[in-house]
Amino acid sequence: MCEIHLKKCSYAANYYSIVHRQIDCDSMTWRRIKKHFMDLKTIVKNHTNPEDLSEIYRKITIMKAIELIEEHPRGVLGAIKVPLAYVIRKEPDVVPIAIAANPLRVDLPYGTAFESFYDEMISCSNHSRAAYLEDNASALNILVHVLKGTSLKSPFNHSKGTVMAEELSLLLLSTIFDPTNGKPC
């Protein structure tokens, strides 16, 4: 029994480390940990990644393409079980959470500014962790696959350096669509 409790506490401490939340008496109370971190463990265990996105083609609207590209990485878990959306979020730098500005919800393990574990992980996971490079490569593979049918595929087929998925996503959302008709180039 003690081993199970210890595993739950370890899982909670790991989560708080990922989202840069202080590990203290409030965040590690047993009433917060006993149910919710078992829930998170079950959510991650039962998670299945969505099917691969199809390539962008001329008949798809710009809004639909952007929606698909922004939503798909939210459903794909990376190396440390954080949705890949953290790799391509608009603000790559994480400002440590100010406890006063984003306190934990009552009896829940994530802050009041977030609707779920995954929302907090996407917003607060750091790009300097070791797993980031692996997650970046996964996100980049998804984006390059989606771009196969566009004129943007060629700049990313070279080996002159690492292309960051966040850079590609910004480029993707700002340049691959024809502004005159909103269709992919």
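Six or more apart or on different chains, Cβ atoms under 9 Å: show the pairs whose first residue is in the range 101-117 and in contact (Cβ under 8 Å) with a residue 24 or more places away in the chain and whose second is charged (D, E, K, R) and assigned to a loop (DSSP other than H, G, I, E, B).
Filtered contacts from the range 101-117: Leu104/Arg21; Leu104/Asp26; Pro109/Arg21; Tyr110/Arg21; Gly111/Arg21; Gly111/Arg105.
Give me the pairs, please: first residue somewhere in the range 11-22 and closer than 14 Å to Phe37 by Cα and free of Cβ contacts under 8 Å to residues at least 60 places away in the same chain, second residue anywhere and part of a helix (DSSP H, G or I) and among the charged types (D, E, K, R), beta-carbon distance under 8 Å, and either six or more positions apart or on two chains.
Tyr11/Lys41
Within the range 24-52, track down each residue that is surrounded by 14 or more Cβ atoms within 10 Å (Cβ to Cβ), outside any helix (DSSP H, G or I) and of a type in the set (Val, Ile, Thr).
Matches in the range 24-52: Thr29 only.
Could you count how many residues in the range 71-80 are free of Cβ contacts under 8 Å to residues at least 40 places away in the same chain and either touching a Leu at 6+ places or on another chain (Cβ under 9 Å) or not in a helix (DSSP H, G or I) (or both)? I'd like the intermediate steps shown before the answer.
Step one: list which residues in the range 71-80 are free of Cβ contacts under 8 Å to residues at least 40 places away in the same chain, which gives 71, 75, 77.
From what is left, the residues that are either touching a Leu at 6+ places or on another chain (Cβ under 9 Å) or not in a helix (DSSP H, G or I) (or both) are 75, 77.
Of the residues in the range 71-80, 2 are free of Cβ contacts under 8 Å to residues at least 40 places away in the same chain and either touching a Leu at 6+ places or on another chain (Cβ under 9 Å) or not in a helix (DSSP H, G or I) (or both).
Report, by residue number, each residue of the range 107-132 that is over 10 Å from Val19 (Cα atoms) and assigned to a loop (DSSP other than H, G, I, E, B).
Matches in the range 107-132: Asp107, Leu108, Pro109, Thr112, Ala113, Phe114, Glu115, Ser116, His127, Ser128, Arg129, Ala130.
Taking the range 14-23 as the region of interest, how many residues are exposed (fewer than 15 other Cβ atoms within 10 Å of the Cβ) and not in a loop (DSSP other than H, G, I, E, B)? Don't jump to the end; show me each part of the working.
First pass over the range 14-23, keeping only residues exposed (fewer than 15 other Cβ atoms within 10 Å of the Cβ): 14, 17, 20, 22-23.
Subset that is not in a loop (DSSP other than H, G, I, E, B): 14, 17.
Total meeting the criteria: 2.
Give me the residue from the range 1-13 that is part of a helix (DSSP H, G or I) and loosely packed, with under 14 Cβ neighbours inside 10 Å and, out of that set, farthest from the chain's Cα centre (by Cα).
From the range 1-13, those part of a helix (DSSP H, G or I) are 2-13; that's our starting set.
After this cut, where a residue has to be loosely packed, with under 14 Cβ neighbours inside 10 Å as well, the list is 2-7, 10.
Details: Cys2: 33, Glu3: 30, Ile4: 28, His5: 28, Leu6: 27, Lys7: 24, Ser10: 22 Å.
Once the filter is applied, the top-ranked residue is Cys2.
Where a number appears in this text, it was derived from the coordinates with a stated rule and is not lab data. Treat the numbers as computed from the prediction; the structure is a model and nothing was measured. FYI the Cβ positions are ideal-geometry reconstructions off the backbone, even for glycines, and counts take in every protein chain you see.
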